[in-house]
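Report on the following structure.
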Amino acid sequence: MDHSRVPVLEALQEFRRRGDVVYGPPGHKQGAGADPRVVDIVGEGVFASDVLSLNGLDDRRESQGVLTRAEELMADAVGAEHAFFSTCGSSLSVKTAMLAVAGPGEKLLVSRNAHKSVIAALIVNGVDPVWVHPKFDAERHLAHPPEPDDVRRALAAHPDAKGMLLITPTDWGSCADIAAVAHVCHAHDVPLIVDEAWGAHLPFHPDLPPWGMNADADLVVTSVHKMGGAVEQSSVFHLQGDRVSPEVLKQREDLLGTTSSSSLVYATLDGWRRHMVEQGHGLLDTALRRAARIRKAVADLPGLRLMGDEVVQEGLTTQLDPLRITIDVRELGISGMQAAEWLRAHCHVDFGSSDTCRIGGQITHADDDRTENLFVDSLNRLVENAGTIGPGPQVHLPAPRALELEQAVRPRDAFFAEAEHVPADRAVGRVAAEMLSPYPPGVPVVAPGEVITAEVVDYLTSGVAAGMLVPDAADPALRTLRVTAR
């Protein structure tokens, strides 16, 4: 296929050339009605590019096939049979993918280190989850993806499960053995869905971990805004084989997706695909070399512990994305949350992830010498000034097994059940009616329907006292928890 073509961008350019006057949405009419004070900050191009697909980029019959051609080019670029653009982020895309595989009351294997959007999908579609617990790293207090044998055991115990949802890479860069998990799933004739939100860059360089489509996954969801070059909320479904019907997937997407898709998202997805096909290998080659230099420099800084290939050698994970740089800061006597806040306040550097133990940053094709040096210099300053930050309140980290809670009630049933608020210490032994997800990264410690334990309450309440954010809790201060009524 001709990857120099960008159907969405070309249609947008033609729309501007024609000078069409639109008597329909958006109401700002390509910026004419926008507040000049807003335009001054976000730019004229944002509004000028905000055009409806129907009767804008394309006609009402979609006879030019603008979006269809762009999606076909994307599929070809990454080795999928079908690709579908989504403008609602992978939080919605993963819900759609799950809905295409399992329906209300049916079972689906789900990696328990899933993002809160996955738990939300279980609530929305009423699926009965079979949790496949990740491989816990007690030393680092970190969850790596589950192993193929874990999936095999779960399928043997639940032969009526409709498929498996695997999360890889994790927020910290750990990667699953997708091919082996796919082999297990296919031996049971069920599809493998991969939530590869952090892996949009993987198809475009051989030195990166395997890409889901190349590793025989059936359905892969990516967030191109995370590690790619498209704007926020840009997501793509990739599909191959016949275990998931493209017709069913499209219908489920139509059920959940917006009817007012953003042309800004479509255009940047289209342009990113062309960029990667034409220049991606070279750009990612540079990024990999840059990340290697940063890793070497960080490894030499006292008090910082870089997560590297030792986790692979120790058998904790299959591979590591070298562009995801995860740094344990506990030897400095501070938490990752404190480190992130200090770096923002004193170095004007924002790390994408932080928790009790660590901070995490990403290097992409967009980085340059300035941002490379700033990354290392800022961490140098953090090391030098850690003594002035002072230890915060102690977070009581639970043992790995304490995070494997009993699922007493289906998530949907618990979420919509009659509920009550009880003091946190009196919630032990009760069934949760809410999600409790420290953010970032947004992986629920407690999901609706799980039985709350003393260890988890101690972890979360001590974490909040130390600065942990739990934004989806009914009471973010966690003085009370929402539980199903007796």
Label-point separation (nm) for Asn373 and Asp475, each offset 7 Å from Cα along Cα-to-Cβ?
5.2
Enter the Cα centre distance for the pair segment 250-280 and segment 174-194, rounded to the nearest angstrom.
26
Residue separation times 0.36 nm, minus the C-alpha to C-alpha distance between Asp149 and Asp59: what's the value?
27.3 nm
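Could you list, in their original order, any pairs among Lys116/Lys296; Lys116/Lys250; Lys107/Lys135; Lys135/Lys250 whose Cα atoms are separated by more than 29 Å?
Going by Cα-Cα distance, Lys116/Lys296; Lys135/Lys250 fall outside the 29 Å limit.
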Cα centre as origin, Lys/Arg/Asp/Glu Cβ charges: segment 285-389 dipole, Debye:
80
Cα gyration tensor shape for segment 400-484, rounded if a/c is under 1.5, else prolate or oblate
rounded
For segment 301-316, 3J(HN,Hα) per residue [Karplus equation, 6.51 cos²θ - 1.76 cosθ + 1.60, θ = phi - 60°, Hz, x = Gly/Pro]:
8, x, x, 10, 10, 7, 7, x, 5, 4, 5, 6, 5, 7, x, 7
Two pseudo-spin positions, 7 Å from Cα along C-beta at Ala408 and at Glu232, lie apart in nanometres by 3.8
How large is Rg/Rh for segment 285-389, to two decimals, with Cα atoms and a Kirkwood Rh?
0.95
Just to verify a number: FRET efficiency for His421 and Ala465, C-beta to C-beta distance, R0 = 22 Å, to 0.05?
0.70
With a Förster distance of 51 angstrom and the Cβ-Cβ distance between His348 and Ala454, calculated FRET efficiency to the nearest 0.05 equals 0.80
Label zone at Glu106 (point 7 Å along Cα-to-Cβ), backbone N below 14 Å, segment 214-251:
243-251
For each of Arg153, Arg290, count neighbouring Cβ atoms within 10 Å of the residue's Cβ, then give the residues from fewest to most.
Arg153, Arg290
Taking the Cα of Val38, stepping 7 Å toward and past its beta carbon, and measuring to each backbone N in segment 3-30: which are under 13 Å?
26-30
Given axes a ≥ b ≥ c from the Cα gyration tensor, I'd like to know whether segment 127-251 is rounded (a/c under 1.5), prolate (a/b larger than b/c) or oblate.
oblate
Taking the chain and counting helices only, DSSP H stretches of n ≥ 4 at -39,500 (n - 2.57) each over all residues, the nearest-500 ellipticity at 222 nm comes to -12000 deg cm²/dmol
What's the center-to-center distance, using Cα atoms, between segment 1-55 and segment 98-168 in Å?
41
Backbone N within segment 160-194 under 19 Å of label point (7 Å from Glu314 Cα along the Cβ vector)
170-177
Fully extended contour minus Cα-Cα distance, from Glu278 to Gln251, at 0.36 nm per residue
6.5 nm
Sorting Glu139, Glu418, Glu147, Glu455 on the 10 Å Cβ count, fewest up front, what's the list?
Glu418, Glu139, Glu455, Glu147
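Since every read-out is calculated from the coordinates, none of them should be taken as a lab result. Keep in mind that what you see is a predicted model, and the values were worked out from it rather than measured. All Cβ positions, even for glycine, are placed from backbone atoms using ideal geometry, and neighbour counts span all protein chains on display.
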